[in-house]
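Structure first, then comments.
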Amino acid sequence: MSIRDVYIVDAVRTPIGKFGGALASVRPDDLAAHVVRALVDRSPALDPARVDDVYFGDANGAGEDNRDVARMAVLLAGLPVTVPGVTVNRLCGSGLEAVIQAARAIALGDASVAIAGGVESMSRAPWVLQKPERAFPAGHQQLHSTTLGWRMTNPRMPAEWTVSLGEGAELVADKHGITREQQDAFALASHRKAAEAWAKGLYDDEVVPYAGVDLTRDECIRDTTSMEALAKLRPAFRTEGGTVTPGNSSPLNDGAAALLLVDEEGLRETGREPLARIRASAVTGIEPQLFGLGPVEAVRRALGKAGRSFADLTTFELNEAFAAQSLGCLAEWPELDPEIVNPRGGAVAIGHPLGASGARLAGSVAHQLAAAGSGTGLAALCIGVGQGLALVLER
């Protein structure tokens, strides 16, 4: 059996909304439907009935994004009811996992045309209540927020594995001697690069605003922030000696992203030039509390599968869950030129809607390669509970 080439024809995303912000009134299944519809509309030569499957990442899935949000997106977007949909969950890597699974199906000949993406509304993530162990309990019951992080933790899990995400970032800072000032400087650079990219119109080709919502740019970018302003913020996770703050961490966000993937036959049907070709991917595991370093080995393995090295990369989108974990990863890749990492800003500024971020990164790499005309790009994320995921693209 021959392995088919897989191309990314197009990639779109919503502007990323802040927690409780402009997109908080929009259901996650509607956000997902919006990017699916926009993606299809941008390839008018392609019959929507030719889409073999829709893969969507979704990290929480406890609220309005239940009942297979990928299938809900298909129906709400007005695609033919014959188009199926599947929702995947690899926590922060869910959107990129969706792209990888769609690409794998095409490569193996199980599909010719697929849509892959991700969605998250952290604003609308509900509180959940566990069922009592016995009927008619007399005492109070606890609600758990599904917005972010551990909840209803299995008591068999070792305590060192179940620290908060922020404490995990502090552990990476400890491991690599990363200072508060270094983290703040990284965050400041993220905001400046993102603001500059928007001012130059670099996101115009991929961002599709949601109709009826007054949001045309990523909502969390702070154009006027400074080292002095960031230095005033208190550590959020360690009261004594902490370095991780709200200013050098990714915020809570809402948003969606989607990509159109095809084989050679599907490419001909779109009548379009592809943005990039998928080359290789890899996933790895690490100790849960050191999740921030999850991409380190995943990136090395993906590059190895692609027959490429860090020197071959022209752009690298690394998800900035925390400045500390991003700097920790960069410290373990001395061969990598840090100047090519997140050239249009990263998640500290743009935002991190969990299930959508991986798709956003893959789409951004594809658009950057298309703009450059050639090159090799990489998208990678750290993942809570200790995993790393990476994807290599080429043009």
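Does segment 182-197 contain at least one residue that is of a type outside the set (Lys, Arg) and either touching a strand residue (DSSP E or B) at 6+ places or on another chain (Cβ under 7 Å) or surrounded by fewer than 13 Cβ atoms within 10 Å (Cβ to Cβ) (or both)?
The answer is no; no qualifying residue exists.
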Looking only at segment 88-101, which residues are part of a strand (DSSP E or B) and either in contact with a Cys (Cβ under 9 Å, 6 or more places away or on another chain) or open to solvent by less than 50 Å² (accessible area, probe 1.4 Å) (or both)?
-> VAL88, CYS92
Name every residue in segment 355-395 that is in a helix (DSSP H, G or I), open to solvent by less than 10 Å² (accessible area, probe 1.4 Å) and among the small types (Gly, Ala, Ser), in order of residue number.
-> GLY355, ALA356, SER357, GLY358, ALA359, ALA362, GLY363, SER364, ALA366
By residue number, the members of segment 315-352 that are open to solvent by 50 Å² or more (accessible area, probe 1.4 Å), in contact (Cβ under 8 Å) with a residue 24 or more places away in the chain and touching a helix residue (DSSP H, G or I) at 6+ places or on another chain (Cβ under 6 Å) are ALA331, GLU332, GLU335
Selection from segment 294-314 of residues open to solvent by 10 Å² or more (accessible area, probe 1.4 Å) and over 19 Å from GLN101 (Cβ atoms) yields VAL296, GLU297, ARG300, GLY304, GLY307, ARG308, SER309, PHE310, ALA311, ASP312, LEU313, THR314
Being free of Cβ contacts under 8 Å to residues at least 24 places away in the same chain and either hydrophobic (A, V, I, L, M, F, W, C) or more than 16 Å from VAL88 (Cα to Cα) (or both) is the filter; apply it to segment 31-69 and report the residue that is surrounded by the most Cβ atoms within 10 Å (Cβ to Cβ).
-> ASP41
With criteria (1) more than 24 Å from ILE286 (Cβ to Cβ); (2) in a helix (DSSP H, G or I); (3) polar (S, T, N, Q), SER123 comes up short on (2)
Residues satisfying the stated conditions in segment 154-181, i.e. polar (S, T, N, Q) and either under 25 Å from THR245 (Cβ atoms) or crowded, with 18+ Cβ neighbours inside 10 Å (or both) | THR162, SER164, THR179
Can you give me the number of residues within segment 139-148 that are open to solvent by 100 Å² or more (accessible area, probe 1.4 Å) and either over 26 Å from ASP254 (Cβ atoms) or assigned to a loop (DSSP other than H, G, I, E, B) (or both)?
-> 2
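The values are calculated or read from the model by the stated rules, or taken from the named source; none is laboratory data. Fair warning: this is a prediction, and the values are worked out from it, not measured in the lab. Methodologically, a virtual Cβ is constructed for each residue, glycine included, from the backbone with ideal geometry; neighbour enumeration extends over all protein chains shown. These accessible areas exclude ligands, DNA and RNA; they are computed on the full protein's heavy atoms, side chains included. Shrake-Rupley method; radii C 1.70, N 1.55, O 1.52, S 1.80 Å.
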